[in-house]
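Before any comments, here is the structure.
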Amino acid sequence: MKQFDPMLNYRQLFYFWTVAKTGGISRAAEQLHLTPQTISGQIGDLERTLGTNLFARAGRRIELTTAGKRALSQAEEIFHLGQELEASLRKPINDEGRVFRVGIADVVPKFLAHQLLEPVLTLPNPMRLLCHEDKLDRLFAGLSVHTLDLVIADRRLPPEVGVKAYSHVLGRCTTMFHATPVLADRYRDGFPQSLDGAPLLMPGAGSALRGSLERWFADIGVAPRIVGEFDDTALMKAFGQAGVGIFPSAAVMAREVNLQHRVETIGRADSVAVRYYAITTERRITHPAVAAVMQSAKDTVFNSPPQKPRVLTS
């Protein structure tokens, strides 16, 4: 009888799981930032270790074999147990609190994330908050293997990602434009047509706000001069504070943006709206920390009356 190494390679199992969930080696390679050859080779090694084929060719596609379907189900249980083990071991022996791991998309404003998460720290049963900022694809991968409890994003979970999770709407907010007092005096009158040719700082292509802004400018026939694009909204505001250009921000944060960066509001674009989502593996929210975030969004963050533009005085 052929002898196999009894030690299962869990990295290979994770590669197999990702291919099965995304529907193909190429998609899995993009998500994991590896070459298709690497993933294919690792899955081949896993199949040799297990002594069975996990995938079968179906034309140009691959499909799970009967053994592959059974392996997928058990792999999900393994990763779930691994998440529970990690949470247990990360907790100090004398610490009765639990860990709440949150992934925050890098396009979500920091102040907004703070407002949404602040109630977690005041729950009756203490929780230790671990925040991780990253690109959405990597955050979704963390959610899929249960290393994250929640992802806060500016878009729904795309169905093609292949992650079993659910998108819960936190709220919707419109957009305001801010600039230093000098630029605000120059471009406030005649807004939004005054933005034609004006220096503008834009969120990066990965932001849902970017697409909404581009459509809005096309609809009103205005073409600003884009002088910078930023994935990090805090960096964009820093450039705006330095007077490099006008920048957009969520209307719910207008007062805080003006105070923190010593800028003024030029105008408001009510038709440029962004929705924010809490993405979890729960269809019905039972996690107390996630429930606190949802309640905070409903009662406080997105329930504030529209903020009026604030003009700074010397």
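Does L116 meet the test of being assigned by TED's automatic domain parsing to the domain that holds A250 and modelled with pLDDT of 85 or more?
no
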Of the residues in the stretch 7-26, those that are out of contact with any Lys or Arg (no Cβ under 9 Å at 6 or more places or on another chain) and buried (at least 17 other Cβ atoms within 10 Å of the Cβ) number 8
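Select from the stretch 112-129 the residues that are under 15 Å from the mean Cα position of the chain (by Cα) and touching a residue at least 24 places away in the same chain (Cβ under 8 Å) and list them in ascending order. Break it down stepwise before answering.
Quick first cut of the stretch 112-129, residues under 15 Å from the mean Cα position of the chain (by Cα) only: 112-114, 116-117.
Hits for the stretch 112-129 are L112, A113, L116, L117.
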Over the stretch 260-286, the set of residues in contact with a helix residue (DSSP H, G or I) (Cβ under 9 Å, 6 or more places away or on another chain) and under 23 Å from N125 (Cα atoms) is A278, I279, T280, T281, E282, I285
Identify the residue in the stretch 96-154 that is among the β-branched types (V, I, T) and in a helix (DSSP H, G or I) and, among all such residues, is farthest from E76 (Cα to Cα). T122
Take the residues in the stretch 163-207 that are among the hydroxyl-bearing types (S, T, Y) and more than 30 Å from the chain's Cα centre (by Cα), then tell me which one is nearest to A113 (Cα to Cα). Y187
Cβ-Cβ below 6 Å, separation at least six or inter-chain, first residue in the stretch 287-314 and within 17 Å of V252 (Cα to Cα) and polar (S, T, N, Q), second surrounded by 17 or more Cβ atoms within 10 Å (Cβ to Cβ) and at pLDDT 90 or above: which pairs? S296/L116; S296/P119
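The values are calculated or read from the model by the stated rules, or taken from the named source; none is laboratory data. Because the structure is predicted, anything quoted here is derived from the model rather than measured. Cβ sites come from the backbone with ideal geometry, for glycine too, and all protein chains shown count toward neighbours.
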